[in-house]
Structure formats: C-alpha cells, structure tokens
C-alpha cells in the first residue's frame, strides 16, 4: 500500500467510526439539548480549524505542496474558524441571524474541504501529507465532516423549534 491509499483508507475508516460514535452517543445527547445548545456544540468543532496553520511547518519540513494550495486551505479554514466564532457569540447573544450564519458555515465548509481535496489530488500531493498534517487530514477532517452532517440534520429536523427552551436563561 502506498501513502496515498493509506490516507484515503484512514479517512474512510475514521469517517465510518465517527458516524457510528455520533449515532450511538452524540445524537441522543443532541436530542436532549435546546436547538441553540445543540448547534453551539456542533459549531464548536470548527474552532479546531486553526490546525490548518500546521501546513506551514509541514511544508518547511519537506512536505511537497504548492503555496497556492496551502494558502487556499489556510484561508478557507481560517474563514470557517472565524465564522464559527461569530456564530457561537451570536447564539450566546440570541441573534436570530445565527441560523443563516450556520447555513453559511455549512456551505463554506463543504466548498473549502472539496476545493482543498481537489487541490491535493490535482497537485498529486495527497500521498505527500505526513507528520501532524497527516493526523489533521486523516483524523480531524472526518470529525468536522460528521459534525457538518449532524448540523444539517439539526437545522432541518428542528427548524420549527425555538432556538432556546423557555426555561433557559442567558
């Protein structure tokens, strides 16, 4: 097996494992939370997207990646991080706009991960990912992908619910 196949295998296996964990443990917990609290928990996962900055260290250590691909990944992830932070403050402050911002985060994440993956594939560097960057791509990205799926599920199935339960206070 080569490094490229190992990366794809790790992503598929981890995604499957995280989906199972989400179904067994996360979904039952989300159902007990208010809509806002559930969305806050799922949005908080995006705060780890600053891990993208590790690409600079990996590149300095010899990982072959075009600067344009690296910059596209970093800009997309930092934009997602910033949007997630705004959403968390917005939900905490009970902004109605927060739901629209969460949809924007979902779209941004799908486009960012899709374009980053395409960039890696077209550049032929997916097999070059190593060290901590390998862990980010093989482990953290599947976590975010599952969180995005759960977020869409929450947004659709709970759209008629108020953001907060009446007994919740600020």
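The values are calculated or read from the model by the stated rules, or taken from the named source; none is laboratory data. Source: prediction; values computed, not measured. For neighbour counting, all protein chains shown are included, and Cβ atoms are generated from backbone atoms with ideal geometry for every residue, glycine included.
Within the stretch 47-75, residues that are free of Cβ contacts under 8 Å to residues at least 24 places away in the same chain have Cβ atoms under 6 Å from residues that are in a loop (DSSP other than H, G, I, E, B) and surrounded by 14 or more Cβ atoms within 10 Å (Cβ to Cβ) in these pairs: 59/65, counting only partners at least 6 apart in sequence or on another chain. Checked against the criterion of being in contact with a helix residue (DSSP H, G or I) (Cβ under 6 Å, 6 or more places away or on another chain), in a loop (DSSP other than H, G, I, E, B) and within 26 Å of residue 20 (Cβ to Cβ), the stretch 134-143 contains not a single residue that satisfies it. Looking only at residues of the stretch 1-21 that are surrounded by fewer than 18 Cβ atoms within 10 Å (Cβ to Cβ) and under 15 Å from the mean Cα position of the chain (by Cα), we find that the one that is nearest to residue 164 (Cα to Cα) is 19.
Can you tell me which of 119, 131 is exposed (fewer than 14 other Cβ atoms within 10 Å of the Cβ), over 21 Å from residue 44 (Cβ atoms) and in contact with a helix residue (DSSP H, G or I) (Cβ under 7 Å, 6 or more places away or on another chain)? Steps first, answer last, please.
Numbers: 119 fails: exposed (fewer than 14 other Cβ atoms within 10 Å of the Cβ).
When all the criteria are applied, what remains is 131.
Answer yes or no as to whether residue 153 is in a helix (DSSP H, G or I), at pLDDT 90 or above and under 27 Å from residue 59 (Cα atoms).
Details: in a helix (DSSP H, G or I): yes; at pLDDT 90 or above: yes; under 27 Å from residue 59 (Cα atoms): no.
No, not satisfied.
Is there a residue being within 24 Å of residue 9 (Cα to Cα) and surrounded by 15 or more Cβ atoms within 10 Å (Cβ to Cβ) anywhere in the stretch 96-110? Yes, the conditions are met somewhere in the stretch 96-110. When residue 95 is tested against (1) more than 23 Å from residue 115 (Cα to Cα); (2) touching a residue at least 60 places away in the same chain (Cβ under 8 Å); (3) not in a helix (DSSP H, G or I), only condition (2) is not met.
What helices (runs of 4 or more DSSP H) completely inside the stretch 10-62 contain at least 2 residues that are at pLDDT below 95 and under 17 Å from residue 116 (Cα atoms)? Talk me through it step by step, then tell me what you get.
On the way: elements: 27-32, 35-44, 54-60.
The qualifying helices (runs of 4 or more DSSP H) are 54-60.
Output yes when any residue across the stretch 123-137 is within 13 Å of the chain's Cα centre (by Cα) and touching a residue at least 24 places away in the same chain (Cβ under 8 Å), and no when none is. Yes, there is a match, as at least one residue in the stretch 123-137 is within 13 Å of the chain's Cα centre (by Cα) and touching a residue at least 24 places away in the same chain (Cβ under 8 Å).
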